[in-house]
Amino acid sequence: MTAVDAPRTRVAPPRRGLVGTLASTDHKALGAGLFATAFAFFLAAGVLALLMRFELARPHLQLLTLHGYDELFTLHGSTMFYLFATPIALAAGVYLVPLQIGAARLRWARLALAAWWMTIGGGLTMWLGFLTEQGAADVGWYAYWPLSDMPSSPSVGTDYWIVGVLLAAAAAIALAACVLATIVTERAPGMTMLRLPVFCWTMVVSCLMVLTAFPALIVAMGLLLAQRQWGGVYSGSAGAFDYQHLFWFFGHPVVYVVFFPFLGAVAEAIATFSGRRWFGYKPFVVSLLLFAALSMSVWGHHMFTTSAVENRYFSLTSTALLVPAGVEYFDALATMWRGRIRLATPMLFALGFLVLFAIGGTTGIWVASPPLDYHVTDSYFVVAHFHYTLFGGSVMGLFTAIYLWWPKVTGTLLSERLGRWHFWLTMIGMNLTFFPLFFLGWDGMPRRVADYAPGTSWSTLNALSSAGSALLAASVLVFLWNVRRSWRRRAPAGPDPWGGQTLEWATDSPPPRENFTGALPAVRSFAPLQDLREAAEASA
Amino acid sequence: MTDTRHDYDALARLYLPIAAAVVLLVLLLVVAFAWRYRARPAQEGRPSRVSSAPRTEALYVLVLVAVAALLLWRTFTVEARTDRGVTGAGVQVDVTAAKWHWRFEYPRAGIVQRGTDEHPPTLVVPAGRPVDFSLRALDVIHAFWIPERRFKRDATPGYTSRFSLVFPRAGFWRDGGECSEFCGLRHAWMRFHVRVLPPDAFARWVRARRSGAAA
């Protein structure tokens with residue numbers, strides 16, 4: 001067995017205390033800090049969702065005012081996208097990518113540090129709207145013009161919201177640049193692009209999409225702010241359509257930005273817990289790149305009912321996404337085939353991801369058909385669809401990542417028993433919350449309404465959904481309890497508790513400041529530790 | 001001119017079984033593999049080392065492309081039939097959306113249907129005959145949605161959207177029309193009723209409304 005020296009890069013010794021935490025350019029401290037920030041926003045936006053579900057449990061208004069409800073769904077969607085899903089996906093990259101490619105550092109770490117601060121600043125700015133006299137932004141997370149202009153939405157909270165989105169979007173671009181630059185320039189000797197771990201490839205496509213899509217958001221929001229302050233930017237129907245084009249040019253790719261890194265985590269978990277390397281690596285990489293390229297050309301499917309786009313073109317590109325998505329499913333199932341499967345918590349969440357995202361994905365193909373979309377767009381059907389992709393996909397994948405890498409990041413183990421409780425409560429709660437929404441939408445319930453007519457099937461379906469959301473809240477509490485328990489017991493995890501396949505499992509848990517102290521294992525494939533294991537089995 | 005509900009539901013009957021089959025297949029394979037290949041203590045043999053099957057995967061991609069082609073072909077066929085634009089031969093209804101009301105004007109008959117905050121207006125149309133809509137908004141974007149027709153179209157300020165619908169069955173749909181694009185505070189309550197009358201009854205309604213308007 002040959003080995004190469006660990007990369008020698010001079011790194012500053014860590015500082016302690018709050019200043020040390022907030023000013024560290026160690027990608028691990030930075031990644032963990034950004035991750036924790038984003039997770040806090042996940043909990044906050046989750047509380048907003050619970051308030052909405054409480055209001056909707058029965059017809060009429062009980063808890064909220066009409067305006068309060070508008071603020072809640074605006075901040076729920078915005079927080080989830082701008083402050084939780086995008087930053088947490090990139091945080092996973094900031095933490096894990098250098099470790100997976102055998103690097104000692106993140107490229108341009110001070111830029112990434114500034115991005116963390118901007119995410120915090122953007123989030124606080126957005127949420128400060130709640131403290132203003134007219135409340136927080138109330139225009140929906142996509143803030144369609146002219147509704148978002150001064151005459152309809154004069155609140156200063158909406159201006160705060162725009163500034164918050166601008167900060168968070170700029171932070172995302174900076175983070176994506178850092179992660180991508182790290183992958184391009186910091187790879188260990190022997191690690192060619194086609195030996196990049198699967199998770200790193202998913203980060204590559206996510207970062208490419210951030211770099212191409214997020215500038216459109218900055219333009220849309222910058223112009224919206226200018227329009228609100230001085231006017232003269234958007235006008236007439238052209239202004240309304242232009243805003244939608246700009247927004248969705250960002251707004252569709254972002255859902256894949258917050259999906260792919262978690263697909264990568266799921267792929268790593270399935271390979272690890274099947275005792276097999278990921279199946280069909282090259283077709284998988286090609287399908288990721290194809291998926292990312294196609295995703296830049298599907299935005300008009302959000303505009304099928306506007307009469308302002310060529311529906312058939314966007315229907316074609318959107319439906320074509322089933323091909324790369326199908327390849328990814330094939331590879332996941334083929335990795336399990338003839339494996340030796342251990343149903344540890346990360347694997348449970350990964351399998352849950354496969355099943356739930358299948359529902360989100362197939363209904364996505366459904367809404368890619370304009371005649372079918374006419375009925376269901378802007379209804380609860382679409383709300384159900386995208387929660388199956390974002391909760392069933394991204395959040396299940398996020399918990400896969402958390403359970404998989406928790407031992408690496410903290411050096412301690414989470415409880416498997418509590419993990420199973422967390423998983424099953426999430427599965428039941430998730431389906432109970434979101435499946436009834438398909439029927440509600442098909443039956444004609446529009447989204448973004450605080451009230452609905454009593455005495456119909458809508459009351460029952462909404463009550464079921466609200467009950468499910470309580471279960472989801474309980475599942476998150478179980479998870480937090482598991483975290484607290486792990487924090488107190490500090491059961492040592494060791495460097496490689498799962499039998500990992502990539503380089504991060506070849507160093508201590510948590511990894512030292514310079515990531516790798518000894519020699520790195522030779523990198524001859526995308527799964528170097530699996531190579532060693534198979535070589536050892538062959539010689540035994 | 002076609003019946004949108006009939007056509008779109010027929011299309012849904014193609015998509016739904018495929019979607020359901022895919023989801024069930026994934027569920028089945030995940031559960032079957034997790035059981036069949038579960039790790040057992042004192043297990044003989046190793047996990048498979050096969051990690052690619054280019055030919056199988058290429059064939060599978062062809063199947064995926066065929067499915068996508070089938071769905072697109074049916075979608076395009078249906079859309080070409082229903083999005084052919086206005087017939088020009090039907091009853092003309094000009095729809096105006098503004099926060100947070102609908103207004104229906106029948107320009108040839110000189111009738112206007114308005115509502116109040118408490119009582120939404122009623123869209124009255126003849127059964128079985130095309131209705132040519134011309135839809136616009138005065139302030140922000142709204143969307144005209146009649147779930148029973150499975151049809152929705154945005155109303156964008158400064159833009160007039162034209163489309164035709166057929167209502168085959170006579171009847172009354174309370175709150176049968178809704179605004180589905182978020183348009184501000186009273187969005188949830190921006191509704192209208194839909195009344196579909198047999199053609200002779202519709203003609204009588206037009207006459208009565210006209211003389212009522214003249215009086």
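Just so it is clear, none of the values below were taken in a lab; they were calculated from the coordinates. Just so you know, these numbers come straight off a predicted model, no measurement behind them. Heads up, the Cβs are rebuilt from the backbone with ideal geometry, glycines too, and the neighbour counts pull from every protein chain shown.
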Put a dot 7 Å past each Cα toward the Cβ at B:L185 and B:A170; how far apart are the dots in nm?
-> 4.2
Could you state the angle between the C-alpha long axis of helix A:66-78 and the longest principal axis of the C-alpha atoms of chain A, as a value from 0 to 90 degrees rounded to the nearest 10?
-> 30
Interchain or sequence-distant (5+) residues whose placed amide H lies within less than 5 Å of the amide H of B:V124 are B:R195
Return the long-range amide H neighbours of A:W337 (sequence gap of 5 or more, or a different chain), with a cut-off of under 5 Å between placed amide H atoms.
-> none
Find which of A:L351, A:W161, A:A271 sits farthest along the positive direction of the dipole of chain A, computed with +1 on the beta-carbon of Lys and Arg, -1 on that of Asp and Glu, about the Cα centre.
-> A:A271
If you place +1 on the Cβ of every Lys and Arg and -1 on the Cβ of every Asp and Glu, how big does the dipole about the Cα centre of segment B:91-214 come out, in debye to the nearest 20?
-> 380
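If neighbour count is taken as other Cβ atoms inside 10 Å, put A:L223, A:L440 in order from fewest to most.
A:L223, A:L440
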Quote the relative contact order of chain A in percent (integer), defining contacts as alpha-carbon pairs under 8 Å separated by 6+ residues.
-> 18
Footprinting proxy, A:F249, A:F357: sorted fewest to most Cβ within 10 Å, the residues are A:F249, A:F357
From the Cα centre of segment A:91-108 to that of segment A:229-272, the distance in Å is 25
Placing each pseudo-label 7 Å from Cα in the direction of the beta carbon, A:L532 and B:A58 end up separated by a distance in nanometres of 3.7
Taking the Cα atoms of segment B:91-214 alone, what are Rg (to one decimal) and Dmax (as a whole number) in Å?
-> 13.7, 40
Between B:I111 and residues 5 or more places away or on another chain, the pairs with built amide H atoms under 5 Å apart involve B:Y106
Highest-fluctuation residue, B:A20, B:A97, B:A109 considered, GNM on chain B with Cα pairs under 10 Å | B:A20
Summed side-chain charge close to A:V409 - residues other than A:V409 whose Cβ falls under 15 Å, Lys, Arg +1, Asp, Glu -1 | -1
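Roughly how crowded by other chains is peptide A:287-294, in terms of the mean Cβ count from those chains within 10 Å of each of its Cβ atoms? Show your work: numbers first, answer last.
Values: counts 2, 0, 0, 0, 0, 0, 0, 0.
So the per-residue partner count for this stretch is 0.
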Can you give me the three principal axis dimensions of chain B from its C-alpha atoms, in Å, biggest first?
-> 95, 37, 33
Helix A:236-251 versus the longest principal axis of chain A: what is the Cα-based angle in degrees, 0 to 90, to the nearest 10?
-> 20
Assign unit charges at the C-beta atoms only (+1 for Lys and Arg, -1 for Asp and Glu), then state the dipole size of chain A relative to its Cα centre in Debye, rounded to the nearest 20.
-> 1860
Only Cα pairs under 8 Å and at least 6 apart count here; give the relative contact order of segment A:264-385 as a rounded whole percent.
-> 36
What spacing in nm lies between the two simple spin-label points modelled at A:A467 and A:R524, each 7 Å away from Cα in the Cβ direction?
-> 5.8
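Can you give the net charge of the other residues whose Cβ lies under 10 Å from the Cβ of B:A39, counting K and R as +1 and D and E as -1?
Working: positive: A:R340, A:R342, B:R38, B:R40; negative: none.
Charge balance near B:A39 sits at +4.
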Using a simple charge model, +1 on the beta-carbon of Lys and Arg, -1 on the beta-carbon of Asp and Glu, nothing else, what dipole does segment A:318-470 show about its Cα centre, in debye to the nearest 20?
-> 640
On each of the three principal axes of the Cα atoms of segment A:346-407, give max minus min coordinate, whole Å, ordered largest first.
-> 48, 16, 12
How much mean residue ellipticity at 222 nm does chain B get from its helices, if each DSSP H run of length 4 or more adds -39500 (n - 2.57) and you divide by all residues, to the nearest 500 deg cm²/dmol?
-> -13000 deg cm²/dmol
Between segment B:135-176 and segment A:350-412, how many Å separate their Cα centres?
-> 31
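Under DSSP H, which helices of chain B have Cα atoms covering 27 Å or more of the helix axis and a Kyte-Doolittle average no less than -1.0? Each step should come with its number before you reach the end.
Values: long enough: B:4-36 (46 Å, 1.27); B:54-82 (42 Å, 0.98).
Those that clear 27 Å and a mean of -1.0 are B:4-36, B:54-82.
Tell me the Kirkwood radius of segment A:30-539: reciprocal of the mean inverse pair distance over distinct alpha-carbon atoms, in Å.
One over the average 1/r among Cα pairs gives 23.3 Å for segment A:30-539.
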Report the one residue of B:T4, B:L16, B:P41 whose Cα lies farthest in the direction of the positive end of the charge dipole of segment B:1-62 (charges on C-beta: Lys and Arg +1, Asp and Glu -1; origin at the Cα centre).
-> B:P41
Of the trypsin sites (Lys or Arg not before Pro) in segment A:144-230, those whose Cβ has at most 13 other Cβ within 10 Å and which sit in DSSP loop = none
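Which is the longest stretch in chain A that no exposed loop site breaks, taking sites as GluC sites (Glu not before Pro) with a DSSP loop state and at most 13 other Cβ atoms within 10 Å? Intermediate values should be presented prior to the final figure.
Working: sites that count: A:E133, A:E310.
No qualifying site falls inside A:311-540, the longest such stretch.
Which whole-number percent is the relative contact order of chain B (Cα, under 8 Å, 6+ apart)? Provide the component values of the computation, followed by the final result.
On the way: 345 pairs, mean separation 45.2, N = 215.
Relative contact order here is 21 percent.
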Using only Cα atoms, find the angle between the long axis of helix A:380-389 and the longest principal axis of chain A, and express it within 0 to 90 degrees, rounded to the nearest 10.
-> 10
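Using just the helices of chain A, give the 222 nm mean residue ellipticity in deg cm²/dmol: DSSP H runs with n ≥ 4 each add -39,500 (n - 2.57), and the total is spread over all residues, rounded to 500. Let's see the in-between values first.
Numbers: 20 runs with 351 residues, N = 540.
One gets -22000 deg cm²/dmol as the mean residue ellipticity at 222 nm.
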Can you check what the net charge comes to around A:L343, using other residues whose Cβ is under 11 Å from the Cβ of A:L343 (Lys, Arg +1; Asp, Glu -1)?
-> +2
Isotropically averaged projected area of segment A:367-481, using the convex hull of Cα atoms (one quarter of hull area), nm² | 8.3
